[in-house]
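Okay, so here's the structure we're looking at.
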Amino acid sequence: MNKLTVVNIGGFGHTDAVFRDLAGMQEAELIGLAPAYQGEDISKFLKLEPAVGKKVYDDYKQMLRELKPDVAIISTRLDLIPLLIMDAADAGCHVIAEKPLALDMAMLEKVCRSVERNKINLMAMLTMRSDPQFVAARQVYDSGAIGEAVLVNARKSYKWGTRPDWFGDKDKYAGTIMWVGIHAFDYINYITGLGFTKIAAMQGNFAHSERPACEDNCALVAELGNGGHATISVDYCRPEIAKTHGDDWIRIVGTKGVLEASGSKSECSVISNDKDSFRYPLPEEKDKIFTRFLLNILDGKSNSEIAQVSFMLTKVCLIAREAAQKNKVLNIE
């Protein structure tokens, strides 16, 4: 295999992040695109570099049959993602899928079995782990400058902007913890390497009654795998006049110091007992996580770690959503 062939299914989500990596590769090529369901608008992706001039299908199943691609990018309405993953896996495709991977535990188990049965590589679009401020934070944490994480605070704040109608349908959207909160769980795990063992959560919709199933504020408390704790806040209430669409932030209190990393401020600052106060330099560009995934496939290397993380984070968010719905503290096993 000299070059990977790639197709895209769907018109919503973080496909542009995958395309950004794909556009810079000689080892992989986008060869076709299709909507995930009848009437889905995929026009915004057709304008991006790797997609210009490529064949567009009306039926993604026909596309999979005719093109027999090596990899399928899947990013669409959230309730359809698990079904598309299984269709692509049955067609022999490796998969880069929008998150979450499923909207309930039973479906998540089906997706996991499909991936294992078809022996494919899979990763969710965990795009935050490519952001320079979080890459820098991980480097600081790995250096030991702040010691072991004791307390973590994470924040995800977005402008409301324009949201699809299906954001108001609980069966299609699945909740803000699932769609946005998963990013915060991800960058906590990415930076510290810690998992989650217990979770409590609350959620509500105060400012966007036109989308009643879309919570615009969520607050969560989690127990970390080392016995430490984390808080996460998620909201859709960032002022429209803000310079950035999102405010992605983390603060890690360690046994020897504290670090803060901010996407809106593009910085990573550290206070350390050993090294005093300093700002850690950020990488000049985003980490090419999708390039690495694709090259591993081409080279026959394992992508099992990112697959495990993708399933783990989906499970954590499902339990967090349940904790909010039941007003209980739940264990994560």
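The values are calculated or read from the model by the stated rules, or taken from the named source; none is laboratory data. These figures come from a predicted structure and were not determined experimentally. Every residue, glycine among them, receives a Cβ derived from its backbone with ideal geometry; neighbour counts consider all protein chains shown.
Of the set (1) surrounded by 23 or more Cβ atoms within 10 Å (Cβ to Cβ); (2) out of contact with any Asp or Glu (no Cβ under 9 Å at 6 or more places or on another chain), all apply to Lys110 but (1).
Being in a loop (DSSP other than H, G, I, E, B), within 18 Å of the chain's Cα centre (by Cα), among the hydrophobic types (A, V, I, L, M, F, W, C) and surrounded by 15 or more Cβ atoms within 10 Å (Cβ to Cβ) narrows it down to one residue among Ala102, Ala72; which is it?
Of Ala102, Ala72, the one residue that is in a loop (DSSP other than H, G, I, E, B), within 18 Å of the chain's Cα centre (by Cα), among the hydrophobic types (A, V, I, L, M, F, W, C) and surrounded by 15 or more Cβ atoms within 10 Å (Cβ to Cβ) is Ala102.
The combined condition, being touching a Ser or Thr at 6+ places or on another chain (Cβ under 9 Å), surrounded by fewer than 18 Cβ atoms within 10 Å (Cβ to Cβ), at pLDDT 95 or above and aromatic (Phe, Trp, Tyr), is fulfilled by Phe278. Pairs are defined by a Cβ separation below 8 Å, a sequence spacing of at least 6 or placement on different chains, a first member in segment 69-85 that is more than 20 Å from Ile177 (Cβ to Cβ), and a second member that is at pLDDT below 95; the pairs so defined are Asp70/Met1. State yes or no: is Thr197 surrounded by fewer than 19 Cβ atoms within 10 Å (Cβ to Cβ), more than 17 Å from the chain's Cα centre (by Cα) and either not assigned by TED's automatic domain parsing to the domain that holds Val135 or not in a loop (DSSP other than H, G, I, E, B) (or both)? Taking the combined requirement at face value, the residue satisfies it.
Six or more apart or on different chains, Cβ atoms under 7 Å: show the pairs whose first residue is in segment 304-316 and under 15 Å from Ile177 (Cβ atoms) and whose second is among the β-branched types (Val, Ile, Thr) and assigned to a helix (DSSP H, G or I). The qualifying pairs are Leu313/Ile182.
Of a type in the set (Phe, Trp, Tyr), buried (at least 17 other Cβ atoms within 10 Å of the Cβ), farther than 16 Å from Arg155 by Cβ and touching a helix residue (DSSP H, G or I) at 6+ places or on another chain (Cβ under 9 Å): does that describe Tyr236?
Values: of a type in the set (Phe, Trp, Tyr): yes; buried (at least 17 other Cβ atoms within 10 Å of the Cβ): yes; farther than 16 Å from Arg155 by Cβ: no; touching a helix residue (DSSP H, G or I) at 6+ places or on another chain (Cβ under 9 Å): yes.
Against the criterion (of a type in the set (Phe, Trp, Tyr), buried (at least 17 other Cβ atoms within 10 Å of the Cβ), farther than 16 Å from Arg155 by Cβ and touching a helix residue (DSSP H, G or I) at 6+ places or on another chain (Cβ under 9 Å)), Tyr236 does not qualify.
All conditions in (1) modelled with pLDDT of 95 or more; (2) not in a helix (DSSP H, G or I) hold for Arg138, with the sole exception of (2).
Among the residues of segment 272-294, just one is in contact (Cβ under 8 Å) with a residue 60 or more places away in the chain, outside any loop (DSSP other than H, G, I, E, B) and farther than 16 Å from Ser130 by Cα, namely Ser272.
A residue that is farther than 27 Å from Ala230 by Cβ and of a type in the set (Lys, Arg) cannot be found anywhere in segment 128-149. Any residue at all in segment 32-51 that is free of Cβ contacts under 8 Å to residues at least 24 places away in the same chain and surrounded by 22 or more Cβ atoms within 10 Å (Cβ to Cβ)? No, segment 32-51 contains no residue that is free of Cβ contacts under 8 Å to residues at least 24 places away in the same chain and surrounded by 22 or more Cβ atoms within 10 Å (Cβ to Cβ). Number of residues in segment 141-171 that are in contact (Cβ under 8 Å) with a residue 60 or more places away in the chain, in a helix (DSSP H, G or I) and closer than 17 Å to Asn205 by Cα: the value is 2.
Of these, Cys237, Cys214, which one is in contact (Cβ under 8 Å) with a residue 40 or more places away in the chain, part of a loop (DSSP other than H, G, I, E, B), touching a His at 6+ places or on another chain (Cβ under 8 Å) and in the same structural domain as Gly181 (by TED's automatic domain parsing)?
Result of the check over Cys237, Cys214: Cys214.
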